[in-house]
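Trainee: Questions regarding the structure given below will be posed in turn.
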Amino acid sequence: MPADEGFPHLSQRGASPDDPVRQRAIRGRPKDKRIDEDVVAAVLNLLKTEGYRHITIERIARTVRRARTSLYRRWPSNRHLGAYAVVSTLNADPASDSGSLRQDLICAVDTLRRAFLGPLRQALPGLLADMAHDQKLARIIREEVLIRRRTSIKRAISRGIGRGEIRSDIPIDVLIDLLTAPCYFRVLFGHARITRPFIDTVVDCVLRAARSVP
C-alpha cells in the first residue's frame, strides 16, 4: 500500500522501528510534524460544529493555513482525512497488563466508551458508510486501527487463559466481538447510553460465559 493511501502515524503506536506500516508512515510524513495535530484539531472542531459530511480537505487547509497539496500528500480524499482524525481518538493498544483479565478487558472496552463521548459518536454512521463505499479506506482502518486494537485485547485474553482465569477452548475472536459490539450497537441505534457500569456488566457477562463449562 503506497504511503499516501495510509494514515500518517496511527500505525506507529506500539510498533517497532522496523514495522513495515510504520516505515510507510515515516516515508509519507511532511517536514513539519505539527501538521497532524493542527489538522486533527481542525477536523474535530468542524465535526462538533457542523458534522462529518462537512469535512473537506479544502476547508481544513484554509483553517490550518496550509496548501491543499500538503494535505493531499497525507490524505488522498475527504474520506481519508475525516476517518483519520476520528479514529486518532482511539487507543491502538487498549488492553495493558494489570495482572487481571477482568481489569484489562474493562480498560479496553472503556476506551470505546470514552471515545464515543467525543467526536467518534457523531462520525460513526458516516464513517461506516464511507467504509462500505471505499474498500481501500475500509482496509486501512481495519489494518491500522481495528486489527491493532483487537490484537491488544487478544493478548490480554491469552494472558488470562495462561493464568487459568477462563477456559482455554474459548473462541477468542468471538469473545472480542461480544465485548465490543454492545458499544457500537448502542451508538448506532441510540436506544441507551454507554456508561461505566454498563461496561462492567458487559465484561462480567462475557467472562461468566467464558468461565462456564460447556
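Trainee: Out of Phe185, Phe198, I need the residue that is touching a Pro at 6+ places or on another chain (Cβ under 8 Å), in the same structural domain as Thr151 (by TED's automatic domain parsing) and part of a helix (DSSP H, G or I). Which one?
Mentor: Working: Phe185 fails: touching a Pro at 6+ places or on another chain (Cβ under 8 Å).
Result of the check over Phe185, Phe198: Phe198.
Trainee: Can you tell me which of Val40, Val86 is of a type in the set (Val, Ile, Thr), under 14 Å from Pro119 (Cβ atoms), modelled with pLDDT under 90 and under 16 Å from the mean Cα position of the chain (by Cα)? First the steps, then the outcome.
Mentor: Values: Val40 fails: modelled with pLDDT under 90.
None of the other options fit; the residue is Val86.
Trainee: Scan the stretch 44-58 for residues that are assigned to a helix (DSSP H, G or I) and either loosely packed, with under 15 Cβ neighbours inside 10 Å or touching a residue at least 60 places away in the same chain (Cβ under 8 Å) (or both) and jot them down. Lay out the reasoning, then the answer.
Mentor: Taking the stretch 44-58 as the starting set, the residues that turn out to be assigned to a helix (DSSP H, G or I) are 44-49, 52-54, 57-58.
Within the stretch 44-58, Leu44, Asn45, Leu47, Lys48, Thr49, Tyr52, Arg53, His54, Glu58 meet the criteria.
Trainee: If you don't mind, another one. In the set Arg208, Arg150, which member is part of a helix (DSSP H, G or I) and in contact with a helix residue (DSSP H, G or I) (Cβ under 7 Å, 6 or more places away or on another chain)? It would help to see each step written out before you state the result.
Mentor: Numbers: Arg208 fails: in contact with a helix residue (DSSP H, G or I) (Cβ under 7 Å, 6 or more places away or on another chain).
It is Arg150.
Trainee: Residues in the stretch 63-85 that are touching a Pro at 6+ places or on another chain (Cβ under 7 Å) and assigned to a loop (DSSP other than H, G, I, E, B): how many?
Mentor: 2
Trainee: Go through the stretch 86-142 and count every residue that is within 30 Å of Arg211 (Cα to Cα) and either outside any helix (DSSP H, G or I) or in contact (Cβ under 8 Å) with a residue 60 or more places away in the chain (or both). If you could, list the steps in order and put the result at the bottom.
Mentor: Taking the stretch 86-142 first, the residues within 30 Å of Arg211 (Cα to Cα) are 90-116, 142.
Still in the list and also either outside any helix (DSSP H, G or I) or in contact (Cβ under 8 Å) with a residue 60 or more places away in the chain (or both): 90-102, 105-106, 108-110, 112-113, 116.
Count: 21.
Trainee: Hey, another quick one. Could you list all residues from the stretch 170-182 that are free of Cβ contacts under 8 Å to residues at least 40 places away in the same chain and either part of a loop (DSSP other than H, G, I, E, B) or more than 23 Å from the chain's Cα centre (by Cα) (or both)?
Mentor: Residue satisfying the conditions is Pro171 alone.
Trainee: Condition first: loosely packed, with under 13 Cβ neighbours inside 10 Å and closer than 17 Å to Arg211 by Cβ. Now tell me which residues in the stretch 159-182 satisfy that.
Mentor: Gly162, Arg163, Gly164, Ser168, Asp169, Pro171, Val174
Trainee: Within the stretch 132-145, does at least one residue satisfy the condition of being touching a Gly at 6+ places or on another chain (Cβ under 7 Å) and surrounded by 15 or more Cβ atoms within 10 Å (Cβ to Cβ)? Break it down stepwise before answering.
Mentor: Initially, the stretch 132-145 is screened for residues touching a Gly at 6+ places or on another chain (Cβ under 7 Å), giving 140, 144.
Then keep just the ones that are surrounded by 15 or more Cβ atoms within 10 Å (Cβ to Cβ); that gives 140, 144.
Yes, the stretch 132-145 contains a residue that is touching a Gly at 6+ places or on another chain (Cβ under 7 Å) and surrounded by 15 or more Cβ atoms within 10 Å (Cβ to Cβ).
Trainee: List the number of the failed condition for Gly126; all other conditions in (1) in contact with a Gly (Cβ under 8 Å, 6 or more places away or on another chain); (2) surrounded by fewer than 15 Cβ atoms within 10 Å (Cβ to Cβ) hold.
Mentor: So Gly126 meets the others, but not (2).
The values are calculated or read from the model by the stated rules, or taken from the named source; none is laboratory data. If you're wondering where the values come from, they're calculated on a predicted model, not measured in any experiment. Note: ideal-geometry Cβ built from the backbone for every residue, glycine included; neighbour counts use all protein chains shown.
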